[in-house]
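Okay, so here's the structure we're looking at.
The values are calculated or read from the model by the stated rules, or taken from the named source; none is laboratory data. Bear in mind the structure is a predicted one, so any value in this text is a computation, not a measurement. Note that we place each Cβ from the backbone using ideal geometry, even for glycine, and neighbour counts take in every protein chain shown. Surface accessibility is based on the protein's heavy atoms, side chains included, excluding ligands, DNA and RNA. Shrake-Rupley method; radii C 1.70, N 1.55, O 1.52, S 1.80 Å.
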Amino acid sequence: MPQSLAQKIIARASGRSHVAVGDVVTARVDLAMIHDSGGPRRVEPILKRLGVGLHDKDKVVLVSDHYVPGDTEEGAAILQLTRRWAAEKGVTFYDGEGICHVVLPERGHLKPGMFVVGGDSHSPTGGAFGAYMFGIGATEMAGVLATGEIWIKVPETIRIEWSGTLGPRLMAKDMLLAMCGRLGMDGGRYQAIEYAGDTVRGLGMQERMTLSNMAAELGAQAGLIAPDQTTMAWLAEHGATDLPDPAHWQPDIDAVPDELHRFDAETLVPQVAAPHSPANSAPIDAYEPTDIDVAYIGACTGAKYADLKAAAEIIRGRTLAKGVELLVAPSSKRDQDRAADEGIMKVLEDAGAKVLPNACGICAGYGSARLGEDVTCISTTARNFRGRMGAHSSKVYLGSPYTVAASALAGRIVDPRDIGA
Amino acid sequence: MVFPSHRAFVLGDDIDTDALAPGQYMGGGIEALAAHCLEAVDPDFASSVQPGDIVVAGKNFGMGSSREQAAQALRHLGIGAVVARSFAGIFYRNAINLGLPVFVSAGDTSMLRPGDPVEIDIDGAALVTQTGRIALEPLPDFLLDMIADGGLVPHLEKRFAASASPKETAT
């Protein structure tokens, strides 16, 4: 029986030779990722109640990213509790180093074929590395930490094939918004998406991460990309050891996806999602002219090194529109350091960008930079639900780092292809 | 025999976790958070809901973040069950883990009006209204067991107690 990539990983994790779509199986978890918001403060009371410790501390990675920098009394207390728990349990802990979905792979924790859970909805990001990674809540995470296992219903595979080369000033974010616009936020039906095609194979790892990350917005459980030489080279550079043979973690050639969608990269134009849903995506010319107050480059979705670089390409040597605030919260310290080394951070700061901590920040509704009443923002983040990033009356548009940077210069939503090279 | 004796709160499609558990109240306790549950959709929801009331919603209920306070807030307010055309996957798992019954409606719920008397017939897998029964997709037994135990934690408590007890009897 031909197996999808999702089936192969779940079969291996559940100790079977193969699994069928719809089977409910118990799988051993290779790695559990938790953060300061849904992690220690929520799981420890449950572990105490159960009277057990961690099933395997070496299979847990903790990242502080939601309450960083801890500039409120409440946030500081949560970070304190997080740090104490990390020390007491002896788990791997990255404190203030960036957002979990970016920190895990950059430290070599994810590899093809792994079965991983994360205490955060953007956990499908790990799928970019050929790992079956999905998000769960804190109670379920406590169960995983206590038992080392979780039940899963073997998903269908929704293959999304992209063909052709992306035009200038287009990014994975535009691809994803186009998919949200066509398929909707429930298009993934909590099944496994598998991104494929020559366009996807042509993307670098951070761009692939954007695709897998926003599998969450497509409503999928996971967003897989089969590993190739690009994957393996990136993993080796980032300290991953005992790398598997990528040939082992491909869907069977005769595996027929349960659903197939085709997209053409050649005809794609920059996409923007209107308030208050990523599914309200349309080609950018639908929006002009929309004035903006704030341009936000942040989050696991939209402030990785590749995103910062794209924004700087637009902003270099230019100034922000009068009255527009540009906020930049790089996804990780390492990405920010690399961007600084290459002069990217200086380009952004010289233009007047305010640089915020390497944390989830206002994308997750946290922090002091939350949007005020009636503020209109264009953002590189994943979600623009009403009130998520600030006041109920604020409005958030979503776009690529190119589009957000171009809009910051113009003071209104503009096509980044209209900004000269 | 099941009689409809609770009220239906009727909501639309795509109710998200930011509406169920707004980010700015996430640092506090569940009490404070629940008071703001769904205020972006219906400002009177938290103050008017009665224990046992049933939320009847459209597609993709609970989409968005993995924060299980979204399900916890509903349970804290005493919601008896959520019936929706479809659920976002993480919310669905969280709800079961917290012992909040969630059911996918197999039939049309569009005739229901806010405040209509309704009841869940778990054994018969139906939403009972004054005018008839709307079929619900049945849950697998092991999930019904987990809900009946009150969620994953009490369910695991039973499991750990069961695995510990033979040792105790042996000594």
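Residues with amide H under 5 Å of B:Ala126's amide H, sequence separation 5 or more or different chain, H placed in the peptide plane at 1.01 Å from N; which?
Those qualifying (amide H under 5 Å, at least 5 residues apart or on another chain) are B:Asp121, B:Leu136.
Calculate how many DSSP beta bridges within the stretch A:278-421 are antiparallel, expressed in % of all such bridges and rounded to the nearest 5.
For the stretch A:278-421, the DSSP antiparallel bridge percentage is about 5.
Give me the distance between the Cα centres of the stretch A:1-68 and the stretch A:242-279, rounded to whole Å.
24 Å
Determine the gain in length on full extension of the stretch B:Asp145-B:Met111; use 0.36 nm per residue of separation and subtract their C-alpha separation, reporting nm with one decimal.
9.1 nm
Report the calculated FRET efficiency for A:Glu73 and B:Asp42 (r = Cβ-Cβ distance, R0 = 30 Å), to the nearest 0.05.
Plugging the Cβ-Cβ distance into 1/(1 + (r/R0)^6) gives 0.45.
Please work out the ratio of the alpha-carbon Rg of the stretch A:36-107 to 2.2 N^0.38 Å and round it to two decimals.
Cα Rg divided by the expected 2.2 N^0.38 Å: 1.09.
Just to check I understand the Karplus step: with θ = phi - 60° and J = 6.51 cos²θ - 1.76 cosθ + 1.60, what whole-Hz values come out for the stretch A:176-185, glycine and proline as x?
5, 5, 4, 5, 4, x, 7, 8, x, 6
Answer rounded, prolate or oblate for chain A, using the Cα gyration tensor with square roots of eigenvalues a ≥ b ≥ c: rounded when a/c is under 1.5, else prolate when a/b is larger than b/c, else oblate.
Verdict is oblate for chain A.
Taking every DSSP beta bridge with both residues inside chain A, roughly what % is antiparallel (nearest 5)?
Antiparallel bridges: around 20 percent, rounded to the nearest 5.
Which order do the peptides A:98-110, A:8-20 take when ranked by the mean count of other beta-carbon atoms within 10 Å per residue, highest first? Mind showing how you got there, number by number?
On the way: A:98-110: 25.8, A:8-20: 18.2.
Those peptides, ordered most packed to least, come out A:98-110, A:8-20.
Take every DSSP beta bridge whose two residues both sit in chain B, then give the antiparallel share in percent to the nearest 5.
45 percent
Give the A-B buried accessible area in Å², both sides summed, 1.4 Å probe, nearest 100. Each step should come with its number before you reach the end.
Values: alone 15900 and 8890 Å², together 21710 Å².
Approximately 3100 Å², summed over both chains.
Apply the Karplus curve 6.51 cos²θ - 1.76 cosθ + 1.60, θ = phi - 60°, to the phi angles in the stretch A:17-32 and return the couplings in whole Hz, x for Gly and Pro.
6, 7, 10, 10, 4, x, 4, 9, 10, 9, 10, 7, 8, 6, 7, 10
In deg cm²/dmol and to the nearest 500, what is the mean residue ellipticity at 222 nm of chain A if only DSSP H runs of at least 4 residues count, each as -39500 (n - 2.57), divided by the residue total?
That comes out to -8500 deg cm²/dmol.
I'd like to check one number: the per residue accessible area of chain B, probe 1.4 Å, reported in Å² as a whole number.
Dividing the accessible area of chain B by its residue count gives 43 Å².
With 22 Å as the limit, write out which pairs from A:Lys111/A:Lys346; A:Lys153/B:Lys59; A:Lys153/A:Lys304; A:Lys89/A:Lys333; A:Lys173/A:Lys309 have Cα-Cα distances beyond it, or answer none.
From A:Lys111/A:Lys346; A:Lys153/B:Lys59; A:Lys153/A:Lys304; A:Lys89/A:Lys333; A:Lys173/A:Lys309, over 22 Å: A:Lys111/A:Lys346; A:Lys153/A:Lys304; A:Lys89/A:Lys333.
Summarise the accessible area of the stretch A:1-154 (1.4 Å probe, protein heavy atoms) by the percent that is carbon and sulfur.
On the way: 2290 of 4830 Å².
Heavy-atom surface of the stretch A:1-154 belonging to carbon and sulfur, 1.4 Å probe: 47 percent.
What is the gain in length, in nm to one decimal, between A:Asp337 and A:Thr165 on full extension, counting 0.36 nm per residue of separation less the C-alpha to C-alpha distance?
58.9 nm
With the radius of gyration and the Kirkwood radius both derived from the Cα set of the stretch B:1-133, what is their ratio Rg to Rh?
Rg/Rh for the stretch B:1-133 comes to 0.94.
Quick one: what are the phi-derived ³J(HN,Hα) couplings along the stretch A:130-141, Karplus 6.51/-1.76/1.60 with θ = phi - 60°, whole Hz, x for glycine and proline?
The phi angles translate into x, 9, 7, 10, 9, x, 9, x, 5, 5, 5, 5 Hz.
With a probe of 1.4 Å, find how much accessible area the stretch A:137-256 has per residue, and write the answer as a whole number in Å². Mind dumping the intermediate values first?
Working: 3780 Å² over 120 residues.
Roughly 31 Å² per residue, with all protein chains present.
Among A:Ile253, A:Pro401, A:Pro330, flag the residue with its Cα farthest along the positive direction of the charge dipole of chain A, charges on Cβ as +1 for Lys/Arg and -1 for Asp/Glu.
Farthest towards the positive pole: A:Pro330.
Going 7 Å from the Cα of A:Lys346 in the Cα-to-Cβ direction, what parts of the stretch A:316-330 have a backbone nitrogen less than 18 Å from that spot?
Answer for this model: A:316-319.
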